[in-house]
Amino acid sequence: MVKILHQLGHRSNWNLDCFFENQIGDGFIFSAYSFPEGKISTPISGYSADEYLPISLVDLQYYGYKNSKDKGQLSSYDFHPAKMESDGTTITDYPYLIVKGIDYQEKLGLSKIIIPMRCEVNKDIDKLASIVDKINNYITKNKNNGVEYFLTVSFNDSEIKDSEWVEKILTLLTNVNKKFDGYYVVCDLAPEYKKKISVHYDYYNNLTRIFSILKKNGFKTIYGYANWDAIAFIALTDIDYVSIGSFENLRRFSIKRFTEDIGGGPSQGWYYSEKVMNMIRSQELVKLRSNNCINLIQK
């Protein structure tokens, strides 16, 4: 049975309330961009670490070096590539930073660890394989009992549409000596204007193949930043975890957010009402509640 994870970032209190007050979902994925080092493991939105940590994962978001002034909270982590870039430090040992990210999560006592990786935008399979093999060797020697390790696998827009590149990635990930328990997959592909879900065939075809092949080879799978596309992949594959953003407060994954300045503001949020079978803006929810009319949309 697929499990639902709340991807925590903007308006994380909404996701936390959904879980603890309404029993929606199975856990959380914290986004480092929104939570400074030291924050995770302290009370958040009224909930103690003892309540949320046992069911949480952390995405440290190493996807790209942040070549802009807005690094969010990424540079607050001493071991983060964004911190190195901010300080003007040349990164000569990238696998070392990955290991430091693993150590950070192990010290939090997490039972599921997301191994952070860059997005290989240059499609250099040899370079990627070298890093993956080094981390695999580290996990082989240092894996903690009772802890699951998920390697991050990210695809930008051109990569997920490139079937040849997808096959190279699958060959690398399903090598018989891989000791990872599973893979945390994120994909850089936005739907067309005013569409809630992608309409690109290559996106569904290639990503479905990725999940299916990984599952057949005994790996667990997490689709991060899935949001509305989660509906399609739950139907098409036997994926283990998908992530959502409550009231549509989750941004879709975009590699550009981690490499350059891009525009955009926070989402106002939406609510899907099964009763009226339609999306309702959060602003309208406020009006309905203030007029004691929430029952009009509440099932």
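Read-outs: derived from the displayed coordinates by stated rules, not from any lab. Since the structure is predicted, the reported quantities are computational estimates derived from the model, not experimental observations. Cβ: placed from backbone, ideal geometry, glycine included. Neighbour counts: every protein chain shown.
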Handout entry: Members of K71/K143; K179/K215; K100/K216; K127/K215 lying beyond 22 Å, as alpha-carbon distances in this model show
Key = K71/K143; K100/K216; K127/K215
Problem - Separation of the K275 and N142 label points, Cα + 7 Å toward Cβ, nm - result: 5.3
Completion exercise
Of all GluC sites (Glu not before Pro) in region 69-168, the ones in DSSP coil with at most 12 other Cβ atoms within 10 Å are none
Exercise for the section: Using a Förster distance of 25 angstrom, determine the FRET efficiency expected from the C-beta separation of D50 and D78, and round it to 0.05. Expected result: 0.45
Problem - Theoretical gain in end-to-end length, N177 to D202 [0.36 nm per residue, Cα-Cα removed] - result: 6.1 nm
Practice task
Go through region 149-240 and name the trypsin sites (Lys or Arg not before Pro) that are in a DSSP coil and have 16 or fewer other Cβ atoms within 10 Å of their Cβ.
Solution key: K179, K194, K195, K196
Handout entry: Neighbourhood charge, 14 Å Cβ-Cβ cut-off, centred on D17 and excluding it, Lys, Arg +1 and Asp, Glu -1
Key = -1
Fill in the blank from the handout: Taking r as the C-beta separation of K134 and V2 and R0 as 25 Å, the FRET efficiency to the nearest 0.05 is 0.20
Exercise for the section: Work out the FRET efficiency for N292 and D17 from their Cβ-Cβ distance, taking R0 = 25 Å, and round it to the nearest 0.05. Expected result: 0.75
Exercise for the section: Arrange C119, C293 by Cβ neighbour counts within 10 Å, fewest through most, would you? Expected result: C293, C119
